[in-house]
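A short write-up of the structure that comes next.
Throughout, read-outs are computed from the coordinates displayed, never taken from laboratory work. Since the model is a prediction, treat every value here as computed from it, not as a measurement. Note: ideal-geometry Cβ built from the backbone for every residue, glycine included; neighbour counts use all protein chains shown.
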Amino acid sequence: MRLIMMGTGPFAAPTFEALYAAGHDVVALVTRPPRVVRGRQKAEKSLLPPIAEQHGTPVVAPEDVNDTASRAQLAAWNADLHVVCDYGQILSIATLATARLGGINLHGSLLPKYRGAAPVHWAIYHGETETGVTVIHMTPRLDAGPCIGQVMTPIGSDETTADVEARLAQLGAPLVCRCIEQLAAGRVEAIRQDQSQATRARRLRKDDGEIDWSRSAKAIHDQIRAFTPWPRSATWLLRREGEPLRVTIDAVREVLSSGESANSVVAVTAAPGAVVDIDGDRLLVQTGEGTLALTEVQPAGKRRMSGGEFQRGYRVEIGDRFGNVGDEGDRRQETGA
């Protein structure tokens, strides 16, 4: 089939390469132009244009894929199908109509759950134990078209968004190729999404990474996994001595069994975020429900280090507290500082 690939992010790369391997005629790559941040182009580059160049495929990067000039260019390629994955723009009815069969989209969730820009992040954040990829026949509504293919995979208890996205990208590539074969043969079984089960997965913001220590140990653990590699999860160390210190927390472990629980006397009365024990290479911190061992942290402007290295280097003590800078006055009153 004559295909136009539309993709920008790394999630799309395995699918793009699979289209060539399957022998399809990829007539163009449509990708997003580099975003401008504070007058400078964003440093990271799409992985897709180099793949296209290896195969002699034209590359275009329109500001608006739905404007008149873009639609005319798409129509001139006389494609059978648009293949969309990790692209970044919603296609209008008129744009979809520039290919004979419209468009299909590979999405990183088990639709109708987690429609939107960050499906893997929010699935992990909410403690889901499984996810998957879905291919839909596209409509102008965001991720709302009928499903024509789906593959499920479990989410490991310590997997991050980066881990799961990499696996989903590999699972999605052969699924897209199977769906294209079915479309070409006219034997697609399209299943309408149950709109009542739809949930949203909005685009992430930097402040999503702020840790609320009143949440449970499991919820905070899931947040840290979900927001790796971006925006990461951060907090402030409020010490009895010294200024507040900004700290990013990259890995934790829930402390569950009585044999490894924190100092029980301290933990009973400790406020969420309080350091309740120091155990070898870990800092044990009270949450709203349960205790977390901080195993990998990064102070602002410094390298990543283990919880033990951090404790020794910054002289963290039992009774110090993680939280918001606004909590510092309350902490000083509690400790008499």
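Evaluated with a Cβ-only charge set (Lys, Arg +1; Asp, Glu -1), the range 101-198 carries a dipole of roughly 420 debye about its Cα centre, given to the nearest 20.
Radius of gyration (Cα atoms) of the range 2-197, expressed as a multiple of 2.2 N^0.38 Å: 0.99. Spatially close Lys pairs in the chain, defined by Cα atoms under 28 Å apart and a spacing of eight or more places or different chains, total 9.
Placing unit charges on each Cβ (+1 for Lys and Arg, -1 for Asp and Glu) gives the chain a dipole about its Cα centre, and among Val59, Ile180, Ser214 the Cα reaching farthest toward its positive end belongs to Val59. For the chain, a simple Cβ point-charge model (Lys and Arg +1, Asp and Glu -1, everything else neutral) yields a dipole of about 880 debye relative to the Cα centre.
Please sort by residue number the GluC sites (Glu not before Pro) in the range 1-101 whose DSSP state is loop and whose Cβ has at most 14 other Cβ atoms within 10 Å.
Answer by residue number: Glu44, Glu63.
With each label modelled as a point 7 angstrom along the Cα→C-beta vector, the Arg315-Arg215 pair spans 3.3 nm. Sorted from greatest to least, the principal axis extents spanned by the alpha carbons of the chain come out as 74, 43, 32 Å.
Computed from point charges on the beta carbon alone (+1 for Lys and Arg, -1 for Asp and Glu), the dipole magnitude for the range 2-197 about its Cα centre is near 480 Debye. Rounded to the nearest 5, the antiparallel percentage of DSSP beta bridges internal to the chain is 65%.
Note on the range 2-197: antiparallel DSSP beta bridges, both residues inside, total approximately 45 percent of the bridges counted.
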